[in-house]
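The structure appears right after this line, and notes come after that.
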Amino acid sequence: MNRKIRILYSMVLLVCLSMILAGCTSDADKYQKAQETLHTGKYAEAVTAFEELGSYEDAEKYLIYARTMVLAEEGSFDQAVARFTLLGEFQDSALQAVYYTARLAEAEQRYEEADALYQTIISFRDSMERTAKLNDMILDRDFAVARQVLLGEISEQSTIIDLKALFGKAYSDSSTKMPEQFSQLAADALAAGRYSSAETILAWLNEAGYEGGTQLNLDILFAQAKQQMGEGNYRNALVQLESLHAEGYSAAKDALIECCIQLGMQTEADGKYASASDWYAKAQAYGDSSAAQHIERLHGILASRYNEAEQLLAQSDFSGAYAAFKNLSGYKDAYDRATDTLITLRTETTAQITCGSNHTVALKADGTLMATGTNYDGQCNVENGRDIVAIDAGSFTTLGLKANGTVVATGDNEYGQCDVDAWRNIAAVAVGSKHTVGLKTDGTVVTEGNNRFGQCDADKWRDIVAVDAGSFHTVGVKADGTVVATGKNDFGQLDVSEWCDIVAVATGKYHTVGLKKDGTVVGTGQNNYGECNLDAWYDIVDIAVGEHTTIGLKADGSVVIVGSNDYNQHDVSEWRDIVAIDAGASFLCDHIAGLKADGTVVILCDNSRNPCDTSEWNLFE
């Protein structure tokens, strides 16, 4: 009996032990399976599995870990980071905390911060792939901002994006899409009228070896030309368009026609009918069918205007005839007729200008006078002048030659330089600083005024055809083209004995200039400012001299100048159609004046001394 009881007890004990052992094996299996579930990324299932394990070993920490991964999968990166941080060194919690901190920064578009975090765990999970992706995202983001700046959609001050640096980064990263993105950006900038931006981007693309920019470059040039046309700058646009047309840019043709028509209309409105006809002919050459009507209409106008110019010339209205022929340049022989008329105007007109030290005097075509500038000594009191045929002004004195050969004078008379009432049969006059000179019809010379340096010792001169007076010397041209001189010679201003073929002379304070019959010019005397550097001059028809300045009038009506430029009196590059010139010669003000073919007067000087107010003058009216 006892033996049976012992066997039964042993069997019960074995069953209990088996049950206990069976229970322990089950939790271990569950624990192992829960971990496997976790590692395969089935985080929700892992949460359930670890919950069933209760406090078995470290199942509670795994449960927190799995729940945290669920939160992370749902996008609750901030909560996930907090829980992984609490887990500390459990499993890879520290790495996960960094990883999801990076994911949070990435989600909030803090790409640079996210990239830096991924770099610290570059081998963990997909950190390397995410870093590469972030680089593209950063480029795309910065590109979008830069695009807005370039297109003017946002203020440049609102971003620190460096587009040039972005461009360089795009290429250094070998991003295959970036060249096309930048090319499109250039096209968008072009469409928005931001041509400078488009050009800049295209230059970067070309530097980087991008081969797709040729058409874009042509598009930019065309857009710039169209912009110039919109602003009325048809001439500038034309140059650009002609280049594009030569490149085969198809849209340039119609724009060229428009430019030519517009330029034709502009020049026609200015009365330049021959030039207008040329523009219409050019439009016709580009294929414009309407240009022929313009050309035919203009030919009739040109013929009529040409006849009018000839009538003005026949009436001795040389100024009007010159202007008319000049506007017709390009039609028949109008250009040559204009040149010939300008020469005639220069020789036939009685209108003149003369410059003193600080005043300017003009002789009108009707023989009357007007003056401007300083009048301390009465040098501008010329309002009563009548029947005047020639004038000259000195420092503070003005002389007028009358048609009957007598002379009138006004201004400074300290040395009797205005005592010219007794002069008769005078053909020309000249005024120095303190002396006056008269050339008589018989070729002799009379003088008045200061003779301290012998500047008035000209009474023995014979066969004189032209005279001029410097500050302290007098020069005369003889009929044979040689020159005589008297007066002060401290700088060699009287060294003219070797001169020949001279037709006119001009004198300053310390230098003398001679115009030769071949249109060249010689000079002697002081050359501190280059006032005697005249070797390169040619086609000169008139000369004038200031204190340290020499000017020449060319046959084509332009002016050349050398010497002192203290008051910007060299700025004659825009002077055209000039028929007479003169220059002041004094330490007070070195100024120059030019009489234009239309009767107006241009002048350059130190206007603070007031000799320049000639804006309302017209010597032909």
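The values are calculated or read from the model by the stated rules, or taken from the named source; none is laboratory data. Because the structure is predicted, anything quoted here is derived from the model rather than measured. Don't worry about glycine lacking a Cβ; one is built from the backbone with ideal geometry, like all the others, and counts go over all protein chains shown. In case anyone asks, the SASA skips ligands and DNA or RNA and just uses the protein heavy atoms, side chains included. Shrake-Rupley method; radii C 1.70, N 1.55, O 1.52, S 1.80 Å.
So the values come out like this:
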quantity	calculated
Residues within the stretch 409-429 that are aromatic (Phe, Trp, Tyr) and crowded, with 19+ Cβ neighbours inside 10 Å, tallied	1
Selection count where residues are more than 14 Å from Ile592 (Cβ to Cβ), open to solvent by less than 10 Å² (accessible area, probe 1.4 Å) and in contact with a Ser or Thr (Cβ under 8 Å, 6 or more places away or on another chain), scope the stretch 341-358	1
Residue in the stretch 400-437 that is farthest from Val545 (Cα to Cα), counting only those that are in a strand (DSSP E or B) and among the hydroxyl-bearing types (Ser, Thr, Tyr)	Thr410
Residue, least open to solvent (accessible area, probe 1.4 Å), within the stretch 257-282, restricted to residues that are over 20 Å from Ser329 (Cβ atoms) and in contact with a helix residue (DSSP H, G or I) (Cβ under 6 Å, 6 or more places away or on another chain)	Cys259
Filter result for Lys42 (charged (D, E, K, R) and either touching a Cys at 6+ places or on another chain (Cβ under 6 Å) or at pLDDT below 90 (or both))	no
Residues located in the stretch 309-366, provided they are under 23 Å from Tyr273 (Cα atoms) and hydroxyl-bearing (Ser, Thr, Tyr)	Ser319, Tyr322, Ser329, Tyr331, Tyr335, Thr339, Thr341
Condition met for Asp254 (open to solvent by 80 Å² or more (accessible area, probe 1.4 Å) and either on the phi < 0 side of the Ramachandran plot or not in a helix (DSSP H, G or I) (or both))	yes
Residue within the stretch 9-26 that is at pLDDT below 90 and assigned to a loop (DSSP other than H, G, I, E, B) present	no
Test: Thr40 is touching a helix residue (DSSP H, G or I) at 6+ places or on another chain (Cβ under 7 Å) and either open to solvent by 20 Å² or more (accessible area, probe 1.4 Å) or among the hydroxyl-bearing types (Ser, Thr, Tyr) (or both)	no
Check on Phe124, farther than 24 Å from Leu221 by Cβ, modelled with pLDDT of 80 or more and touching a helix residue (DSSP H, G or I) at 6+ places or on another chain (Cβ under 8 Å)	yes
Selection count where residues are farther than 23 Å from Asp336 by Cβ and either of a type in the set (Val, Ile, Thr) or open to solvent by 10 Å² or more (accessible area, probe 1.4 Å) (or both), scope the stretch 561-585	15
Candidate set from the stretch 575-608 (those that are modelled with pLDDT of 90 or more and in a loop (DSSP other than H, G, I, E, B)); member that is farthest from Lys509 (Cα to Cα)	Asp598
Filter result (part of a loop (DSSP other than H, G, I, E, B) and closer than 19 Å to Ser433 by Cα) within the stretch 505-530	Gly508, Lys509, Tyr510, Gln526
Test result for Trp499, in contact with a Gly (Cβ under 8 Å, 6 or more places away or on another chain), modelled with pLDDT of 95 or more, of a type outside the set (Ser, Thr, Tyr) and closer than 16 Å to Thr444 by Cα	no
In the stretch 505-523, the residues that are without any contact (Cβ under 8 Å) to a residue 60 or more places away in the chain and open to solvent by 20 Å² or more (accessible area, probe 1.4 Å)	Tyr510, Lys516, Lys517, Asp518, Thr520, Val522, Gly523
Which listed residue is touching a Leu at 6+ places or on another chain (Cβ under 8 Å), of a type outside the set (A, V, I, L, M) and in contact (Cβ under 8 Å) with a residue 24 or more places away in the chain, from Asp412, Asp392, Asp419	Asp392
Where a residue in the stretch 542-553 is open to solvent by 10 Å² or more (accessible area, probe 1.4 Å) and its partner, wherever it lies, is basic (Lys, Arg) and in a loop (DSSP other than H, G, I, E, B), with Cβ under 8 Å and at least six apart	Glu547/Lys509; His548/Lys509
The stretch 469-483 residues that are without any contact (Cβ under 8 Å) to a residue 12 or more places away in the chain, paired with ones that are open to solvent by less than 10 Å² (accessible area, probe 1.4 Å) and not in a strand (DSSP E or B) (beta carbon under 6 Å, 6 or more apart)	none
Those residues of the stretch 369-384 which are surrounded by fewer than 21 Cβ atoms within 10 Å (Cβ to Cβ) and either touching a residue at least 24 places away in the same chain (Cβ under 8 Å) or under 43 Å from the mean Cα position of the chain (by Cα) (or both), in sequence order	Met370, Thr372, Thr374, Asn375, Asp377, Gly378, Asn381
Within the stretch 260-277, tally of residues that are in a helix (DSSP H, G or I) and farther than 28 Å from Ser250 by Cβ	5
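So that you can scan it fast, the table gives a plain yes or no per residue for (1) within 19 Å of Thr600 (Cα to Cα); (2) small (Gly, Ala, Ser); (3) open to solvent by less than 20 Å² (accessible area, probe 1.4 Å); (4) without any contact (Cβ under 8 Å) to a residue 12 or more places away in the chain:
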{"site": "Gly367", "(1), (2), (3), (4)": "yes, yes, yes, no"}
{"site": "Arg386", "(1), (2), (3), (4)": "no, no, no, no"}
{"site": "Val407", "(1), (2), (3), (4)": "no, no, yes, no"}
{"site": "Val431", "(1), (2), (3), (4)": "no, no, yes, no"}
